[in-house]
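Here's the structure we're looking at; comments come further down.
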């Protein structure tokens, strides 16, 4: 209950306690001092009742006792108050100094749970801010390393091939130019994915919302990649409803292409089932395959940027580790969500995209 009282009230209450206790000590020790003095014949009642107001030894003892007790009370309450004010503020100052020196893992300590509300809130806010700063700096370092890693391969290939052409090692034929164009396209896709994530993180991802028929967009996306589905020996099964939603059509196509390419890269040959179903929480689009699925230890991280289940697996299949994170960012921008689970029907992966009810619209 005490920590709900503000700083100003705490100070007023403490000063009131000092004044009240000092007054009580004055009365108590006054009566005790003169009672003892009368009992031991150090002073008589006649002297106390006389009109002689001269200062005597008994008065001095009384004043000394009151002063001593008042001082001890003030020191005690001051120390208690300091524990609730000075100690946490000192911890906050030390933590701020350490963070300014680059030690971002330091946090202010709140050893006294009875600290006042303002100080407790300030320390908690400071620690949350420090945690976000540490995460931001760590993420920046990870992103810088990951981006450099992703750029290295296509840039190295471009540099090597072009240098080879200049040195007459390679002939600039159609096959070579096609290979170089493929590397440029990979760089273009990577840059666009990074741009999308950056805009989404800063809540600046612009959306051109319109009424979109999901089945039409899904069918178009499947047709666009049909040759690659055939090469991967994936048989498409669809169960689509004539349901529309307010969505950015271009972003919806981007989501579907990213998920379909993910299936082409990693799903084993077999059935790829695409279905839509309206539920109480909204319209759900599910994409299921027959395996191999994702191991449990990887599931919490699959929507993180640059995360790969296996480094060699991603490189072998040409993935940058950004596809699912981009999909997740776009869904968040539309106030929807994407989830991963094990497919109960096919035994492999199941990606579920939930379009919130406010985004639904009957055609």
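Structure notes:
- Sorting 157-170, 210-223, 290-303 by average packing, meaning the other beta carbons within 10 Å per residue, from highest down gives 210-223, 290-303, 157-170.
- Spin-label model distance (nm) - residue 117 vs residue 216, 7 Å beyond Cα toward Cβ: 5.6
- Computed as a quarter of the hull surface, the mean projected area of the alpha carbon convex hull for the stretch 143-201 stands at 4.3 nm².
- Stretching the chain fully between residue 31 and residue 90 yields a gain of 16.9 nm (0.36 nm per residue, less the alpha carbon separation).
- Least to most buried among 193, 227 (fewest other Cβ within 10 Å first): 227, 193
- The slack between residue 301 and residue 67, meaning 0.36 nm per residue of separation minus the straight C-alpha distance, is 77.6 nm.
- Scaled against the 2.2 N^0.38 Å expected of a compact globular protein of N residues, the Cα radius of gyration of the stretch 209-362 reads 0.99.
- Between residue 356 and residue 100, the contour length at 0.36 nm per residue exceeds the Cα-Cα span by 87.9 nm.
- Distance (nanometres) between label positions extended 7 Å along Cα→Cβ at residue 278 and residue 141: 5.1
- Here the relative contact order of the stretch 209-362, from alpha carbon pairs under 8 Å that lie six or more residues apart, stands at 26 percent.
- In percent, rounded to a whole number, the relative contact order of the stretch 138-274 is 23, using alpha-carbon pairs under 8 Å and six or more apart.
- The stretch 127-206 and the stretch 278-299 have Cα centres separated by 29 Å.
- Packing rank of 259-269, 98-108, where each peptide gets the mean count of other beta carbons within 10 Å, highest leading: 259-269, 98-108
Values quoted throughout were computed directly from the atomic coordinates according to the rules given, and no laboratory measurement underlies them. Quick caveat: nothing in here was measured; it's all calculated off a predicted structure. Backbone-built Cβ (ideal geometry, glycine too); neighbour counts: all protein chains shown.
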